[in-house]
Amino acid sequence: MRIAIAADHAAFALKQTLAEWLSGEGHDVLDLGTQSTESVDYPDYGYRLARAIAEGQAERGVALCGSGIGISIAVNRERACRCALVSEPYSAALARQHNDANVIALGARLTGIDMAKACVTAFLSTDFLGDRHTRRVEKLGAPDLDGDAR
């Protein structure tokens with residue numbers, strides 16, 4: 001599978017470790033930076049990852065910053081992306097099963113490498129359930145902000 005990965009300076013070390021590990025697992029990794037611990041702005045890297053997913057350069061994405069929050073917000077600005085901030089494997093699996101997430105976000109300051117690998121493994125190995133979830137996921141891509149909640 002082709003996986004895009006992007007991080008800010010706070011998550012540089014985690015990105016490097018995950019990219020190497022994913023390559024070792026047989027995945028084609030598209031590393032979108034950053035390439036050092038020099039301070040950068042996480043939205044720039046979230047937008048790079050989102051663009052790669054939207055343009056079909058990768059099937060899935062892993063977005064990393066200090067908390068995972070900021071970069072997940074940036075990725076979700078792209079309508080083609082459904083980025084879920086996760087902290088353990090169960091939420092990573094549910095993001096795929098129920099939300100057809102194509103990107104996960106992790107916080108490097110909050111998530112150790114073993115937990116990050118477990119989250120990525122769950123994310124990559126879980127399928128979307130479809131069925132009743134399809135209708136809900138379709139609404140995520142075309143929000144009716146004036147409509148009634150049903």
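With the requirement that a residue be part of a helix (DSSP H, G or I) and either at pLDDT below 95 or acidic (Asp, Glu) (or both), what does the stretch 100-124 give you?
Asp114
Which pairs have Cβ atoms under 9 Å, sit 6 or more apart or on different chains, and link a residue in the stretch 27-51 that is surrounded by 14 or more Cβ atoms within 10 Å (Cβ to Cβ) to one that is part of a loop (DSSP other than H, G, I, E, B) and among the polar types (S, T, N, Q)?
Cβ pairs passing all conditions: Leu30/Gln57; Val40/Thr34; Asp44/Thr34; Tyr45/Thr34; Gly46/Asn76; Ala50/Asn76; Arg51/Gln57.
From the set of residues in the stretch 69-87 that are in contact with a strand residue (DSSP E or B) (Cβ under 6 Å, 6 or more places away or on another chain) and hydrophobic (A, V, I, L, M, F, W, C), which is most open to solvent (accessible area, probe 1.4 Å)?
Leu85
Among all residue pairs at least 6 apart or on different chains, which show Cβ distances below 9 Å where the first residue, located in the stretch 112-129, is open to solvent by 30 Å² or more (accessible area, probe 1.4 Å) and the second is among the polar types (S, T, N, Q)?
Ile113/Thr17; Met115/Ser87; Lys117/Thr17; Asp127/Gln97; Phe128/Gln97; Phe128/Asn99; Phe128/Thr134; Leu129/Gln97
Only one of these conditions is not met by Asp127: (1) assigned to a loop (DSSP other than H, G, I, E, B); (2) over 19 Å from the mean Cα position of the chain (by Cα). Which number is it?
Against the list (1) assigned to a loop (DSSP other than H, G, I, E, B); (2) over 19 Å from the mean Cα position of the chain (by Cα), Asp127 comes up short only on (2).
Glu59 - would you say it is without any contact (Cβ under 8 Å) to a residue 12 or more places away in the chain and surrounded by fewer than 23 Cβ atoms within 10 Å (Cβ to Cβ)?
It is false that Glu59 is without any contact (Cβ under 8 Å) to a residue 12 or more places away in the chain and surrounded by fewer than 23 Cβ atoms within 10 Å (Cβ to Cβ).
Based on what the data block shows, is Gly66 without any contact (Cβ under 8 Å) to a residue 40 or more places away in the chain, surrounded by fewer than 19 Cβ atoms within 10 Å (Cβ to Cβ) and more than 13 Å from Cys83 (Cβ to Cβ)?
no
The values are calculated or read from the model by the stated rules, or taken from the named source; none is laboratory data. Remember, it's a predicted structure, so these values are computed and weren't measured experimentally. Every residue, glycine as well, gets a Cβ built from its backbone with ideal geometry; the counts of neighbours run over all protein chains shown. The protein model used for the area step is the full one, side chains on, heavy atoms only, and it has no ligands, DNA or RNA in it. Shrake-Rupley method; radii C 1.70, N 1.55, O 1.52, S 1.80 Å.
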